[in-house]
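Encoded as C-alpha cells, the structure appears first; notes follow it.
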Amino acid sequence: MQLLQSLCQIAAPSGHEAPLTEYLLHYVRQQQQQWRTRPTVLTGGEFQDCIILVFGKPRTAVFAHLDSIGFTVRYGRQLVRIGGPVVKTGYQLVGEDSLGKIDCTLVVHEETGALSYEYHREIERGTDLTFRCDFRETDSTVQSCYLDNRLGIWNALRLCETLEDGIVAFSCWEEHGGGSVAYLAKYIYDTYGVRQALISDITWVTEGVQPGQGVAISLRDSLIPRRSYVERIRRIAEASGVPFQLEVEGSGGSDAKELQHGAQPWDWCFVGAPEDNVHTPDEVVDKRDIDSMLALYRVLMREL
Amino acid sequence: MQLLQSLCQIAAPSGHEAPLTEYLLHYVRQQQQQWRTRPTVLTGGEFQDCIILVFGKPRTAVFAHLDSIGFTVRYGRQLVRIGGPVVKTGYQLVGEDSLGKIDCTLVVHEETGALSYEYHREIERGTDLTFRCDFRETDSTVQSCYLDNRLGIWNALRLCETLEDGIVAFSCWEEHGGGSVAYLAKYIYDTYGVRQALISDITWVTEGVQPGQGVAISLRDSLIPRRSYVERIRRIAEASGVPFQLEVEGSGGSDAKELQHGAQPWDWCFVGAPEDNVHTPDEVVDKRDIDSMLALYRVLMREL
Amino acid sequence: MQLLQSLCQIAAPSGHEAPLTEYLLHYVRQQQQQWRTRPTVLTGGEFQDCIILVFGKPRTAVFAHLDSIGFTVRYGRQLVRIGGPVVKTGYQLVGEDSLGKIDCTLVVHEETGALSYEYHREIERGTDLTFRCDFRETDSTVQSCYLDNRLGIWNALRLCETLEDGIVAFSCWEEHGGGSVAYLAKYIYDTYGVRQALISDITWVTEGVQPGQGVAISLRDSLIPRRSYVERIRRIAEASGVPFQLEVEGSGGSDAKELQHGAQPWDWCFVGAPEDNVHTPDEVVDKRDIDSMLALYRVLMREL
C-alpha cells in the first residue's frame, strides 16, 4: 500500500492535476520494464494533464480520474467548493501560495453554512486547498482522504503490470463537472476503434453494497448504461469466481457521464470498490474489496 | 392502430431498447417492399440499439426515440425511476427476472414518497419494470402507456411509406438524459451533410395547446431553436392547410437537446401531437392530432 | 461609445441573433480596410448566425456571445424567460409581431411571481420581447441593458483594429444553455489547430471585484479552467502593467462551458469588465474597466 499512500498524499484538485500527472509519468517510466507489455504513453499538448497508456491491440479502455475534491480561497477568508466535499468545522486543509506552505482549519458557519478557514494569516485569492492526508492502514482496511479516486488509479496501475491488450486513461476534472473524457473518448475511438469502457472509480457503501462483500458492478447510477454490455460483464464476473456485488443507484455519476453524452457510441460500466465516509478525510475501504477489484479488472480486460 | 398497439406493448425502458429495436428491424424488412422508396438500414455495432433509415437524397432527418420511462428494482423492495414517470399507488408494473415474468403493483410511501412494489416474492436487483399496457381506442382517441413515444415512432414508420428523400432515426435514452443522438447527429451530418431535424415526439395538452386542434409546432421548450428555421416550418404549415397549433413552453425537452448541444450546426423543431395524462399509464391523444401530425410530416419532408 | 450604443439597441435574444449578425457583418465589411490585418470572414450556412474572423496565423481565439436575455410571449398574457433576466414590474419591453412594433410593460405577479405584460392589445404567441434600451453615459460610466454582452462584442471589434494573429468568434445562445460554441470550437480546432481561448464577456461586481479597479481575470466560476493556462495569463497581465483584478466565484458560467465540455482540449479563461445591476435594464460599467479590458486583450493576443 506504499504506492497508494504516495498517491493519496499528492494534492491534485480538479483543474490542478499536473503534480499527480508528473508523479504518474515518472512511475510509468520506472516501472514499465517490469510490466508484461510496454505501453505507448500519450500525454502533454493536446492531452493537457491527462495520460493515455496503450497496450497491445486494445479492445477495452479503463478510465480513472486523477483529480480530487477540495476548496478554492475566494475573498477575505471565504472558501468555495471544488466538487462536492463533505464539510465539517475542524477538518485540516493544506495548500501553498506565494508566501509558502499552508496548514489551516476548515470552519463551517453554524447558521449560514458559509465556508471559511482559520489561519494565522490571510491566504492568497485563488489558492487551492485540499484535505490533509492522514493515511491509516489496518489488517483489513485502508483509510485516507482521496481514496476516491487514488484507489481507482492504484487499481489501474496494478492492472498495467499484466495487461496485454487494452487502454488505461487517466482523466481530469471528474469531480467538478468533467472536461477531459470527451476528448479522450474521441481520440481513443477515432484512433483505435475502441468503444468498450470500464470506470475504475470508488462507490458508496449502502444498504445494498457492503464492505468486504467484493467489488461493486454498477447496473446504473444517475445514468443507465446499455443493458446488454452490463449483462456481459456480469456473466464474466459470475464465471470468474471473483466476489462481486451488484449496485443499483438513482444518483451519482462518474467519468461515464462524458462517455454516455459524447458523440461516440461507448458502452460503459462502473466497476469499483465501495467506500464509507465518502468525500471526507476519512474515506475507508475494505482490503478484500480492493483485491476483488483488481482481480476482476484482470479478468474483464482479458475476456471483454 | 394495430401497429401502434403492438409498439405500446413492447417493454423498452431507457438502456434496454433492444426488444423494440428488433421489432422495428423485422417490421422494416417486411414492409419496405411496399414503400415508395427502399431505405438503407443502418443498425447494430457502432449504432448500438439505434436504427437509421436513409431514403434517397436526404435533406432533413426525423428523430423518434425508442425508449420509455419506467423503474429499476434497487435493494429490498425499493424502486428507482427511469426517466420521470408519474407515480401513484396501484399502478400495475410488469417485467421479467431469472425467476420468470413479473406482474406487480407500484406503492408510493405516503409520507416519504419512497417507491416500492407489492408482489408475492422479491424481484432481482436491477430488474426493469414498466407500466402494464392497457390499450384503449375510441372513435376519437387512443389511450395507453407510452404513447410518448410509440406514437412518434408510429408517425415515423407511416411517414416511411411515402418518403422519397430523408432520414428517419430511432434513438435511445431520450427519457433518461440522452446518449445516442450525439453520435447519430454526428454520423448523419458527416455522412450526408444533413443538418435539418424534426423531432417526432409527443407533447403536453396545456391551456394553449388543446386536443383535437392539430399537431403542435413548438416555438420553444426549455431550449430555443433558431428562429429562422422554425419560421420556415411555420410558413410551410400555414400554406399546407394541415391543422396545427403553436406551442410555447419554458420547460420540457426532447432529443433536440443533443442536437442543440452537439458539435454540428443542427436546425431543429419539435413537431408532435399533444397528449393528456403525460407519463402515466393513461396517456391519451386525439386521433385528429395524430392525422395532422402525419400529414404535416409528409408535407415538411417534401418542402424543407 | 457610439458603436456600443448601436450594439445595445439591437434586439437579439437567444435563438434570434440574426439582426445583430447582419449588423456586425456590415460593420466588418466597412471597417476592415482600416484594420491592421484583413480577416477571413466565416458566416452563414454551417455557421448558422455565428461569425468567425480569422486574422493571420492564429494561436488564440476570442469568444464573444451575440445573444441577450429576454422573454417569449406564451399564451394569453403570459411570458416565459429567455436566459435569466431580473424581473420587476414596470420594466419596459419592446418587440414586434405581425401587427406591428410593440412597447409594453413587464408585470410580475406579487404572490406567484408569474410573468405577464401590460399592453393595449394581446401580443402574438411566440413573440420575443427584450428590454427597451435607455443608453446613459457619464464621464466615468456607461449604463444600458445588454452591456452583457454588447460590451464583450465591442471589445472584440476594437481588438480587431490592431489584431495581427488570432481568431474572433461571435457565438449564439450563450444566455440560454449554449448551442453554438461546440461546433465553433470544433471547427476552429480542426481547421487551425487553435485551442487557447479568451472569453470576452462581462462579469459581476462583488465584494472582491470592484468597479474601476480594472478588468477581471477569472480564476474560476462554476467551472474551473486549467490552472497552468490561467497562471500564464496572470503573469502576462502582471508584466503588462494593465490594471486587473482576480475573480474567484463558485457559480456563473459563460461560453467556456462548451469549451470545457467539448471534445477538443481547449484551455480557456474568462477576462472581462465587471458590471453592476446584472441582467437588468440598468447594467452599469466603469469606463476604466472597459479601457483595461481592451488593453489587456491587446497584450494577451500578442503574447499568448
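The values are calculated or read from the model by the stated rules, or taken from the named source; none is laboratory data. Note that the structure is predicted; figures quoted are calculated from it, not measured. Glycine also receives a Cβ, built like all others from the backbone with ideal geometry; neighbour counts cover every protein chain displayed. All accessible areas refer to the heavy atoms of the entire protein, side chains included, with ligands and DNA or RNA removed. Shrake-Rupley method; radii C 1.70, N 1.55, O 1.52, S 1.80 Å.
Values for this structure:
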{"item": "Relative contact order (percent, whole number), chain C, Cα cutoff 8 Å, 6+ residue spacing", "result": "22"}
{"item": "Loss of accessible area when B meets A, both sides summed, Å² nearest 100, probe 1.4 Å", "result": "2200"}
{"item": "Dipole magnitude (debye, nearest 20) for region A:178-304, charges at Cβ of Lys, Arg, Asp, Glu", "result": "680"}
{"item": "Distances in nm from B:S222 to the matching label points in the other copies, shortest first (labels 7 Å along Cα to Cβ)", "result": "1.2, 1.2"}
{"item": "Other-copy label distances relative to C:D103, 7 angstrom Cα-Cβ extension, nm", "result": "6.9, 6.9"}
{"item": "1.4 Å probe accessible area per residue over chain B, in Å²", "result": "35"}
{"item": "Region C:165-288: relative contact order in percent, alpha carbon pairs under 8 Å with at least 6 residues between", "result": "36"}
{"item": "Relative contact order %, region B:105-157, counting alpha carbon pairs below 8 Å whose residues are six or more apart", "result": "18"}
{"item": "Shielding score for C:125-134, defined as the mean number of other chain Cβ atoms within 10 Å", "result": "2"}
{"item": "Formal net charge of residues neighbouring A:Q34 (Cβ-Cβ distance under 15 Å; K, R +1; D, E -1)", "result": "+2"}
{"item": "Base-10 log of normalised Debye intensity for region A:75-129 (one unit scatterer per alpha-carbon) at q = 0.13, 0.28, 0.31 Å⁻¹", "result": "-0.29, -1.34, -1.56"}
{"item": "In region A:1-87, the trypsin sites (Lys or Arg not before Pro) that fall in loop regions by DSSP, at most 14 other Cβ within 10 Å", "result": "A:R36"}
{"item": "Antiparallel DSSP beta bridges within chain A, percent to nearest 5", "result": "65"}
{"item": "Residue of chain B whose Cβ sits closest to the axis mapping B onto A, with distance in whole Å", "result": "B:A263, 4"}
{"item": "For region C:134-165 versus region B:140-172, the gap between their alpha-carbon centres in whole angstrom", "result": "49"}
{"item": "Gyration tensor (alpha-carbon) shape descriptor, the protein assembly as shown, a/c threshold 1.5", "result": "oblate"}
{"item": "Average beta carbon contacts from partner chains per residue of C:168-177, 10 Å cutoff", "result": "2"}
{"item": "Chain A, helix-only ellipticity at 222 nm - DSSP H runs n ≥ 4, -39,500 (n - 2.57), divided by all residues, nearest 500", "result": "-8500 deg cm²/dmol"}
{"item": "Average partner coverage of B:9-17, which counts Cβ from other chains inside 10 Å", "result": "3"}
{"item": "Residues in region B:234-249 occluded by at least 30 Å² - accessible area, probe radius 1.4 Å, against chain by itself", "result": "B:L246, B:V248"}
{"item": "Above-threshold pairs, the threshold being 26 Å between Cα atoms, out of C:K257/C:K287; A:K257/B:K57; A:K57/A:K287; B:K257/C:K257; B:K57/B:K186", "result": "C:K257/C:K287; A:K257/B:K57; A:K57/A:K287"}
{"item": "At 7 Å out from Cα toward Cβ: A:T206 inter-copy label distances (nm, ascending)", "result": "3.4, 3.4"}
{"item": "Distance in nm between pseudo-label sites at A:E111 and C:T40 (7 Å out along the Cβ direction from Cα)", "result": "6.1"}
{"item": "Range in chain C, longest, excluding exposed GluC sites (Glu not before Pro) [loop by DSSP; at most 16 other beta-carbon atoms within 10 Å]", "result": "C:1-109"}
{"item": "Interatomic Cα distance distribution for chain B, bins of 10 angstrom, percent", "result": "6, 28, 35, 22, 7, 1"}
{"item": "For A:I199, net neighbour charge (Lys/Arg +1, Asp/Glu -1) across residues whose Cβ lies under 11 Å away", "result": "-4"}
